[in-house]
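The values are calculated or read from the model by the stated rules, or taken from the named source; none is laboratory data. Not measured: the values here are computed from a predicted model. Cβ placement follows ideal geometry from the backbone for every residue including glycine, while neighbour counts extend to all protein chains displayed. Ligands, DNA and RNA are stripped out before the accessible areas are found, and what is left, the full protein with its side chains, is counted by its heavy atoms. Shrake-Rupley method; radii C 1.70, N 1.55, O 1.52, S 1.80 Å.
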Amino acid sequence: MKLSHPVWQQFSPLNLAYLAELYEVYQRSPQQVPTAFRELFERFGAPPVAVPAPTEKVAVGYTQIAGAVSLARAIRAYGHRAAQLDPLGTPPPGDPALLPETHGITEEDLRALPAEVLGGVLSRDAPDAWTVIERMRAVYQGTLGYEFEHLERAEERHWWEEAVESRRYAPPQEPIDEMGLLRRLTEVGALERFLHRAFPGHIRFSLEGLGMMIPMLDELIGAAAEAGTRYIMLGMAHRGRLNVLAHILGKPYEQIIAEFLGVYQSPGVSYSGSSDEGWTGDVKYHLGARRAFRGGEQVSVEVYLAPNPSHLEWVNPVVEGMTRACGERRDQPGAPEQYERIALAVLIHGDAAFPAQGIVAETLNLYRLPGYRTGGTIHLIANNQIGFTTLPQHGRSTEYASDLAKGFDLPVIHVNADDPEACLTAVRLAHAYRERFLKDVIIDLVGYRRWGHNENDEPTFTQPEMYARIAQHPTVRELWVRRLVQKGLVTQEEADRMLQEAMERLHALRRKVAQEVDVHLRLPLAGLEAGGERGGVGSLDAEAGIDTTVDLALLQRLNTEITHIPEGFHVHPKLQRPFARRREAFAADGKIDWAHAEALAFASLLAEGVPIRLTGQDVTRGTFSQRHLVLHDVETGRQYSILQHLPSARASFEVWDSPLSEAAVLGFEYGYSVQAPDALVLWEAQYGDFANSAQVIIDQFIVSGRSKWGQRSGLVLLLPHGYEGQGPEHSSARLERFLQLAAENNIIVANCTTPAQYFHILRRQAKLLRVDPRPLVLLTPKSLLRHPMAVSTPQELALGRFHHLLHEKRPAREAKRVRRLVLCSGKVYYDLLATGRLQPDSPQYAPDVAVVRLEQFYPFPAEEVEAVLAHYPQLREVVWLQEEPRNMGAWTFVAPRLRDILGTAIPLYYVGRTRMASPSEGTQEWHQQAQAQLVAAAFEAVETADGIEALQKS
């Protein structure tokens, strides 16, 4: 009988017959088979069929074999619990599963078993199974620990097993430049030591204790360059940022020193600029250089460190979005072409923040999603083994800082930061896995923090024992020098001189910078809105001259294209009529609603070569079932993306339903918009107030990124807004928050009331990308999506433009009768219209009241408001009408600007809901009552406005 694998030779025919029966069970349901036998079948396949001799007795050798296999499996799964990961010497916790007796075997049993029983690369040339087990302990229980047995796919588990046990990514099989590493660690240590001595008391968030991070990033960049990666997007918090800027991205020492001296500020940002700015380095890499080989082909790798506020992990989705944008080609019709290996995201996390901040989990959740995947991210946890002053047992509920990642089916490598060879092995393995499977991977770099949370902090108040050990602990450079001295590659004196020379160079640069202060100073820049009577209105200059018209014939052709249904495609019956209406919109008396105007705006931009990306919860259909950009065949389920099949398109279009997340998704789109300045990127909230789940992204990136870092984005936020009795959580997009954040021409805030206005502001935003990109915060309608009055004509789309104000201008004679001017914005205008008091042919007509819609809040159209006021010479009062409570909405923003225009001659009144803690009433009945009151008060004398606040200008 020929056996399929030598391991089966240890079994008697009777036992083989039993195993064959067990294998049949394994094929039907692997979980019903004991773990040890399941491991045998996974590793060695099916046992051969054998017919036992009638008189043969059952052998017992299989129990020892099963025990040996079970022990080997336990070492792979739990060896990390016996690995020496803490540089400060804390003993590992260990695990009973790592002991032979747990599996019913002894050292004697293992020595009696041949190595082939365990198989794998570590069994080669091994005399017995005990030797294999000892080799496995050396691999899995040294200064590296691995967690990959939880991975879902057997192919990935087997890859890790072979890669780890063959040591093909570790020295000496994968050599390193030992003296080059010493020089790099010298640069890293010299900068930290220099800054500590030259600028005592300055906060720098030292990298000391995790110094191997820089050589690991060097190694990663080299491996990525050799794999064809040309863009590396880095995201990190503050720990070690200066060293990364200097030694990975090539930020000049002189500039770092000048910033510490307070005599340099980056051009192009305001004086609110942040020290955590980004930096781009064009790294010239010689292929093979990381292995100490010379003369390889030179390639250019662009490494970008994203700006990040002190909100630690919130840069993560921003970097992912940047990476996605780098890896897509958008200059062709259809969906963008994605090249996942051309760009690589690298995120450096804190050990306390990684499990604690929810944005980490939200970002990890994106890695497999088709609308967000980037081909795998390298995550490196800079593990200080402490938060600010909080110990791990008080800051997380898991054993490791990295445990969160295992829930996303990601492998983890733990590594002792004081073992340089292990650190480089870890990063090589991580990159190789990413390249092979295009998945994220986690490196838990376990080190320490030589100083406090910052250099002014006293850590011994709360961790006296830890910091007593740290004070006596040598640096990783000192440990590496000892190894090289033992090898005879360098003397202690040579190593000391190397460090001293590096320090002297830095001190010389400091003296030079101090003598050339004027070179590094820039003239003060007054903000665009600094001073003057009109402070805070913003500038409309960038919008001037932008033409958003579209040839009517082209628009009609595009309408035919976006309403075309391919032959044989079975559209949902309820969509037949809406699409028929759209086809007929260009006939006589045709009307265009909101979703139709949006589709035409997108189509017109695609025809002009502008790529478009639209994401958000349920956006392909639309929260209110208005959009339907992706159709589903009701018989086959086949999907048809209308704008990806547009014959006139000259650029890509993508639309994705996002996960039920705001923070990570909005951060992703912000990063995408920054890195893809040619694309119109839009994110839609399911309801406008859902955006407050992403307030950190809004505050720290979208509205302030340009001022702090000179970072430009043309991202569009579509925020459904309007008071229709749906309650506090579905009414307000929190307009007041955006208006409070508006300054320095940082954003555009608008609230359109017609489809034509929506059409033109989208087109204007796309054209501003090439002139002066700024985020657009756009309040969008809900009930107006199907309101019979909220429609536009094809001519208004084709020939019109965006208007900051909408004003039904009265003839001169009629204008003289107007005593009250009501300014409002959004849906409430249609409530006024429904009263009949604005129509001259209505019995309820109020000739003494005129209404103006403010369509754009910021930049504020002050001159246009002045022109409207001048049109009504007998004006006696101005009313600001809003649906929102007085402490919300636009009132606190528009009131001071209107008062600056009105002066003391004309009073300004407020009409709207009173101050409230919640945005709206909780029931439909209460809403209707309040809404009726404020609409009526807009036409009544102020003193008779029962229940509605009215304020005269004081």
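Pairs of Cα atoms nearer than 8 Å and 6+ residues apart set the relative contact order; for the chain it is 10 percent.
Roughly how compact is the stretch 811-877, stated as its Cα Rg over 2.2 N^0.38 Å to two decimals? Intermediate values should be presented prior to the final figure.
Details: Rg = 12.5 Å, N = 67, 2.2 N^0.38 = 10.9 Å.
Cα-based Rg divided by the globular estimate yields 1.15.
The portion of the accessible surface of the chain made up by carbon and sulfur, rounded to a whole percent, is 51 (1.4 Å probe; DNA, RNA and ligands excluded). Computed from the Cβ-Cβ distance with R0 of 60 Å, the FRET efficiency linking Arg497 to Glu608 stands at 0.40.
Just the Kirkwood number for the stretch 444-485, please: inverse of mean 1/r across all distinct Cα pairs, in Å, one decimal. Could you put the intermediate results ahead of the total?
Values: mean 1/r = 0.0852 Å⁻¹.
Radius from the Kirkwood sum: 11.7 Å.
In terms of overall dimensions, the stretch 299-379 has a Cα radius of gyration and Dmax of 13.6, 45 angstrom.
Ratio of Rg to Rh for the stretch 388-515: 1.06 [Cα atoms; Kirkwood radius as inverse mean 1/r over pairs].
Close amide-amide hydrogen proximity is noted between Glu328 and Tyr339, each under 5 Å apart and 5 or more residues distant or on a separate chain (H modeled in the peptide plane; Pro and chain starts excluded).
In sequence order, the stretch 811-817 has phi-based couplings of x, 3, 5, 5, 4, 5, 7 Hz under the Karplus curve 6.51 cos²θ - 1.76 cosθ + 1.60, θ = phi - 60°, and Gly or Pro positions carry x. Packing order of peptides 733-743, 35-45, highest average first: 733-743, 35-45 (average count of other Cβ atoms within 10 Å over each peptide's residues). Computed from Cα positions, the angle between helix 594-607 and the longest principal axis of the chain comes to roughly 60 degrees. Using a ≥ b ≥ c from the Cα gyration tensor of the stretch 766-806 (square roots of the eigenvalues), is it rounded, prolate or oblate, where a/c under 1.5 gives rounded and otherwise the larger of a/b and b/c decides, a/b for prolate? It is oblate, given that a/c is not under 1.5 and a/b is not larger than b/c. Heavy atoms of the protein chains alone define the surface here; on that basis the chain has 40 Å² accessible area per residue at 1.4 Å probe size. Working from Cα positions, state the angle (0 to 90°, nearest 10) between the long axis of helix 755-768 and the longest principal axis of the chain. Taking Cα atoms only, the helix is inclined about 50 degrees. List the aspartates and glutamates whose Cα lies under 20 Å from the Cα of Lys708, skipping any in the same chain that are fewer than 8 positions away. Straight-line reach from Lys708, under 20 Å: Glu259, Asp276, Glu277, Glu313, Glu529, Glu669, Asp699, Glu744, Asp772.
Multiply the residue separation of Tyr845 and Ala198 by 0.36 nm, subtract the distance between their alpha-carbon atoms, and state the gained length in nm to one decimal.
Numbers: separation 647, 0.36 × 647 = 232.92 nm, distance 7.72 nm.
Roughly 225.2 nm would be gained on extension.
Karplus-derived 3J(HN,Hα) values for the stretch 398-406, using 6.51 cos²θ - 1.76 cosθ + 1.60 with θ = phi - 60°, are 10, 5, 10, 5, 8, 4, 3, 5, 5 Hz; glycine and proline are entered as x.
Under a Cβ-only charge scheme (Lys and Arg +1, Asp and Glu -1), can you give me the dipole magnitude of the chain about the Cα centre, in debye to the nearest 20? Before the final figure, lay out each step's value.
Numbers: 97 positive and 117 negative charges, 331 e Å.
Roughly 1600 debye, rounded to the nearest 20.
Working from label points 7 Å from Cα in the Cα-to-Cβ sense, the Val634 to Val25 distance is 5.1 nm. Solvent-accessible surface (1.4 Å probe) assigned to Phe408 amounts to roughly 50 Å².
With the largest listed first and rounded to whole Å, the semi-axes of the equivalent ellipsoid of the stretch 614-749 from the Cα gyration tensor are 28, 21, 12.
What is the antiparallel percent of DSSP beta bridges lying wholly in the chain, to the nearest 5? Let's see the in-between values first.
On the way: 23 of 86 bridges.
Beta bridges within the chain, antiparallel portion: roughly 25 percent.
P(r) tail for the chain: Cα pairs beyond 43 Å make up 47% of the total.
Go through Ala224, Phe569, Leu489 and say which Cα lies farthest out towards the positive end of the charge dipole of the chain; charges sit on Cβ, +1 for Lys and Arg, -1 for Asp and Glu. Projecting each Cα onto the dipole axis, the largest value belongs to Phe569. Rounded to the nearest 10 degrees, the inclination of helix 663-675 to the longest alpha-carbon principal axis of the chain is 80 degrees. The HN-Hα couplings worked out from phi for the stretch 688-700 by the Karplus form 6.51 cos²θ - 1.76 cosθ + 1.60 (θ = phi - 60°) are x, 6, 5, 5, 5, 5, 10, 4, 5, 4, 5, 5, 8 Hz, whole numbers, x standing for Gly and Pro.
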